[in-house]
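The values are calculated or read from the model by the stated rules, or taken from the named source; none is laboratory data. Everything numeric in this text was worked out from a predicted model, so none of it was measured. Positions of Cβ are generated from backbone atoms using ideal geometry, with glycine treated the same way; all protein chains shown enter the neighbour counts. Heavy atoms of the whole protein, side chains included, go into the accessibility calculation; ligands, DNA and RNA do not. Shrake-Rupley method; radii C 1.70, N 1.55, O 1.52, S 1.80 Å.
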Amino acid sequence: MQTTKAGTTYIIRIDKSEEVVKTLTEFCASQDIKNAMFTGIGAVEHLTCGYYALHEKKYYFKEYDELIEVVSLTGNVMQKDGAPTIHVHGVFTDTTNTAFGGHIVEMRVGVVLEVMLTPLASTISRTHDDCIGLYLLDIKD
C-alpha cells in the first residue's frame with residue numbers, strides 16, 4: 001500500500017495480492033480515523049460479495065476467483081466495538097463485461113486498487129438492531 005494526502009482526502013494505492021478490507025481497517029486504525037467515506041476503482045483477483053435477506057436476517061455470498069474489474073466501489077468507516085469497521089459495496093464486471101455487485105466481505109487486489117478516503121469529523125458507531133439483524137449507524141441528534 002502507498003498513500004499520500006491531498007487536503008483532507010487520502011489517496012491510497014492498494015497493490016496486487018493485498019487484502020482490501022484488512023488493509024483499509026489497519027490504515028484507519030493507524031491514522032486514528034474514526035469515521036470516513038471512500039470510493040475506489042481497479043481490479044481484484046478474489047472477491048466475496050452478496051446480499052442480505054432481511055426476512056431470514058442472513059447474508060448470502062458468492063466467491064469469485066478470477067480477475068474482475070472494479071467498476072465502482074463505495075463505502076464508509078464507522079466505529080464498532082471501539083474499532084474502525086469497513087462497510088463496502090461494489091459493482092464489478094467479468095471478462096464479458098457482465099456487471100454484478102453487492103455487499104463485500106473481502107477482496108484481494110489482482111492488479112491495483114485506487115481508493116480515495118475522506119475522514120469525517122464525527123465519531124458515529126454501529127450498534128446492533130434486533131429487528132433488522134444488522135449493526136446500524138447509531139446517529140443521535
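Provide the per-residue ³J(HN,Hα) series for the range 131-140, in order, calculated from phi with Karplus coefficients 6.51, -1.76, 1.60 and θ = phi - 60°, each as a whole number of Hz, with x at glycine and proline positions.
Result, ordered by residue: 5, 7, x, 10, 8, 9, 5, 9, 9, 10 Hz.
Please report the carbon-and-sulfur percent of the accessible area for the chain; probe 1.4 Å, protein heavy atoms only, DNA, RNA and ligands left out.
54
Counting only trypsin sites (Lys or Arg not before Pro) that sit in a DSSP loop (anything but H, G, I, E, B) with at most 15 other Cβ atoms within 10 Å, what is the longest stretch of the chain containing none of them?
Values: sites that count: Lys16, Lys57, Lys140.
That would be 58-139.
Taking R0 as 25 Å, what FRET efficiency do you get between His128 and Glu26 from their Cβ-Cβ distance, rounded to the nearest 0.05? Spell out each step's value before the answer.
Details: r = 24 Å, r/R0 = 0.96.
Computed FRET efficiency for His128 and Glu26: 0.55.
May I ask you to compute the full-extension gain from Val91 to Thr4, defined as 0.36 nm times their residue separation minus their alpha-carbon distance, rounded to one decimal in nm? Present the calculation step by step, with values, prior to reporting the outcome.
Numbers: separation 87, 0.36 × 87 = 31.32 nm, distance 2.55 nm.
Here the segment from Val91 to Thr4 would lengthen by 28.8 nm.
When only the heavy atoms of the protein chains count and the probe is 1.4 Å, how do Val111, Val21 rank by accessible area, highest first?
Working: Val111 85, Val21 30 Å².
From most exposed to least exposed: Val111, Val21.
Could you give the nm distance between label points at Arg13 and Glu63, where each point is 7 Å from its Cα heading toward the beta carbon?
Once both label points are built, they end up 3.0 nm from each other.
Give me the 1.4 Å probe accessible area per residue for the range 34-110, excluding ligands and nucleic acids, in Å². Kindly include the intermediate steps, with their values, before the conclusion.
Numbers: 3890 Å² over 77 residues.
For the range 34-110, the per-residue accessible area is 51 Å².
Return the loop-located chymotrypsin sites (Phe, Trp or Tyr not before Pro) in the range 80-136 (DSSP other than H, G, I, E, B) with at most 10 other Cβ atoms within 10 Å of their own Cβ; answer none if there are none.
Details: sites: Phe92, Phe100, Tyr135; in loops: none.
Hits after loop and neighbour filter: nothing returned.
So how strong a dipole does the chain carry about its Cα centre when Lys and Arg Cβ are +1 and Asp and Glu Cβ are -1, to the nearest 20 debye? It would help to have the intermediate numbers written out before the result.
Details: 12 positive and 19 negative charges, 69 e Å.
Roughly 340 debye for the chain.
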